[in-house]
Amino acid sequence: MQRYFMNRKKAVWIGIAALIVLFVLFDVRINFEFSMPGASSQLDAAQEARYMACFAARDMEIHDVAFGTIDNPDVQKLYILNNRDEAASGCRERFPEQWITVEEPFRFNLVDLQFRY
């Protein structure tokens, strides 16, 4: 019986030492995440990338025209704001939002560890 308690004491001290080393070497974050499997709807990333590329190109053209031909900063600002709305709606017509169904797996997370050094 005494041997059992000695082994138990030793195990407790080893566990405490392991926890101390864990907290010294790793950044420990509690990140509880639990989700059951199922389907969810998400925006299609490829379609959104095409929309953003279209909008960025049109926005660049708008800025080139505004800063290349208009001298008044207030008029530049109005021109850019008005034409950005039109560019956004035009690109959205070319690349409408597409929703896709994604199967989500079972997820369970309790602790995140990141090496400190």
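For the chain, relative contact order (Cα pairs under 8 Å, six or more residues apart, normalised by length) works out to 53 percent.
Near Pro37: Cβ cut-off under 10 Å, other residues only, Lys/Arg at +1 and Asp/Glu at -1. The net charge is -1.
Using C-alpha pairs below 8 Å separated by at least 6 residues, the relative contact order for the range 45-97 is 59 percent. Neighbours of Ala66, meaning other residues whose beta-carbon lies under 11 angstrom from its beta-carbon, give a summed charge of -2 when Lys and Arg score +1 and Asp and Glu score -1.
The residues neighbouring Cys91, those whose beta-carbon lies less than 14 Å from its own, together hold a net charge of -2 under the Lys/Arg +1, Asp/Glu -1 convention.
Can you pull out the GluC sites (Glu not before Pro) in the range 53-103 whose DSSP state is coil and whose Cβ has at most 14 other Cβ atoms within 10 Å?
Numbers: sites: Glu61, Glu86, Glu93, Glu97, Glu103; in loops: Glu97.
Taking the range 53-103 and a limit of 14 other Cβ atoms within 10 Å, the loop GluC sites (Glu not before Pro) found are Glu97.
Calculated on the alpha-carbon coordinates, the convex hull of the chain measures out at 202 cubic angstrom per residue.
Counting 0.36 nm for each residue step from Ser41 to Arg84 and taking away their Cα separation leaves a gain of 12.6 nm. Label separation (Asn72 vs Val102): 4.7 nm, computed from points 7 Å beyond Cα along the C-beta direction.
Hey, can you list the DSSP H helices of the chain whose Cα span along the axis is 30 Å or longer and whose average Kyte-Doolittle score is at least 0.0?
2-25, 45-69
Once you have a ≥ b ≥ c as the square roots of the Cα gyration tensor eigenvalues for the range 45-97, tell me rounded if a/c is under 1.5, and otherwise prolate or oblate according to whether a/b is larger than b/c. Prolate shape, in that a/c is at least 1.5 and a/b is the bigger ratio. Ordering Phe67, Leu22, Gln47 by the projection of their Cα atoms onto the charge dipole of the chain, which places +1 on the Cβ of Lys and Arg and -1 on the Cβ of Asp and Glu, puts Leu22 at the extreme positive end.
For the chain, what does -39500 (n - 2.57) per DSSP helix run (n ≥ 4), summed and divided by total residues, give at 222 nm, in deg cm²/dmol to the nearest 500?
Result for the chain: -21500 deg cm²/dmol, rounded to the nearest 500.
Taken together, the values in this text are just the output of simple stated rules run on the coordinates, not laboratory data. Only a predicted model underlies this, so the values are computations on that prediction, with no experimental measurement involved. Every residue, glycine as well, gets a Cβ built from its backbone with ideal geometry; the counts of neighbours run over all protein chains shown.
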